[in-house]
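Before any comments, here is the structure.
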Amino acid sequence: EIPKRDWSSDVCSSDLTRTAVVEYAPRGAALDLFGCREREVLLDGPAGTGKSRACLEKLHLAALRHPGMRGLIARKIRADLPESAIKTFDSYVLSPHDGVEKVGGQNVQSYEYPNGSHIVVAGLDRDSKVMSSEYDLIYVQEATELEESEWEAATTRLRNWKMPYQQIIADCNPAQPSHWLNLR
């Protein structure tokens, strides 16, 4: 199933002057990500190929489909997220018709969905915030920034079980073949 979305038909009849259309049609490895249920998944490739968008779309789709789901958008340093993953999520993934509420204002801390799902935003530089929670789906942006022990610590948080599978997904630009992500 290709997660192509079009919300143009969701426009309120009282507000026909505003129309939001959000389309996304992944290809290649990005498309494969949506059907993948492996516990650990890595998309790597050159910049600008849609890796981050695919991971964020999957996270959003999971939150929409699985009430009470808990997701995490993470990066090594929390301060790097607003101009990368959060900007993409807000600009290209979310639609005003989703009813998702941002918590934390300009410094988004989480996204709350009408069905009780939550997506938390955190840096792995403050592992106490991540280590005290349980998640169904974790997205780590730029995974080459992490040490393997940080990755493994994040995987121990996959235990919320509001989805039929628990998964950590990540993206990165290619690293040397001996990098721990490639070996793993």
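The values are calculated or read from the model by the stated rules, or taken from the named source; none is laboratory data. Keep in mind that what you see is a predicted model, and the values were worked out from it rather than measured. Positions of Cβ are backbone-derived with ideal geometry, glycine not excepted, and every protein chain shown enters the neighbour counts. Keep in mind that these areas ignore ligands, DNA and RNA; they rest on the heavy atoms of the full protein, side chains included. Shrake-Rupley method; radii C 1.70, N 1.55, O 1.52, S 1.80 Å.
Of the residues making up the stretch 155-181, those that are hydrophobic (A, V, I, L, M, F, W, C) and either at pLDDT below 95 or assigned to a loop (DSSP other than H, G, I, E, B) (or both) number 6. Of all residues in the stretch 165-184, those that are within 26 Å of L61 (Cα to Cα) and either of a type in the set (A, V, I, L, M) or without any contact (Cβ under 8 Å) to a residue 24 or more places away in the chain (or both) total 4.
For the stretch 49-67, filtered to residues that are part of a loop (DSSP other than H, G, I, E, B) and closer than 23 Å to R159 by Cα, the residue that is least open to solvent (accessible area, probe 1.4 Å) is H66. Selection of the stretch 68-126 for residues being open to solvent by 10 Å² or more (accessible area, probe 1.4 Å), under 17 Å from D136 (Cβ atoms) and assigned to a strand (DSSP E or B) yields R70, S110, E112, H118, V120. In this structure, is S178 of a type outside the set (A, V, I, L, M, F, W, C) and open to solvent by less than 20 Å² (accessible area, probe 1.4 Å)? So S178 fails the test. The residue pairs whose first member lies in the stretch 142-158 and is in contact (Cβ under 8 Å) with a residue 60 or more places away in the chain, whose second member is part of a loop (DSSP other than H, G, I, E, B) and buried (at least 20 other Cβ atoms within 10 Å of the Cβ), and whose beta carbons are closer than 8 Å, counting only pairs six or more residues apart or on different chains, are L146/L124; E150/L124; A154/L124; L158/D136.
Within the stretch 69-91, being in contact with a Gly (Cβ under 9 Å, 6 or more places away or on another chain) and under 14 Å from S133 (Cα atoms) holds for M69, A74. Scan the stretch 64-71 and tell me whether some residue there is modelled with pLDDT of 95 or more and either touching a strand residue (DSSP E or B) at 6+ places or on another chain (Cβ under 6 Å) or closer than 23 Å to T144 by Cβ (or both). Yes: the stretch 64-71 contains one or more residues that are modelled with pLDDT of 95 or more and either touching a strand residue (DSSP E or B) at 6+ places or on another chain (Cβ under 6 Å) or closer than 23 Å to T144 by Cβ (or both). Only residues that are under 14 Å from the mean Cα position of the chain (by Cα), within 15 Å of I77 (Cα to Cα) and of a type in the set (V, I, T) were counted in the stretch 128-184, giving 1. Against the conditions (1) assigned to a loop (DSSP other than H, G, I, E, B); (2) out of contact with any Phe, Trp or Tyr (no Cβ under 7 Å at 6 or more places or on another chain), W151 satisfies every one except (1). Considered as a group, the residues in the stretch 145-164 that are of a type in the set (S, T, N, Q) and touching a Lys or Arg at 6+ places or on another chain (Cβ under 9 Å) include one that is farthest from A63 (Cα to Cα), and that residue is T155. All of E23, E38 fail the test of being charged (D, E, K, R), modelled with pLDDT of 95 or more and in a loop (DSSP other than H, G, I, E, B), apart from E38.
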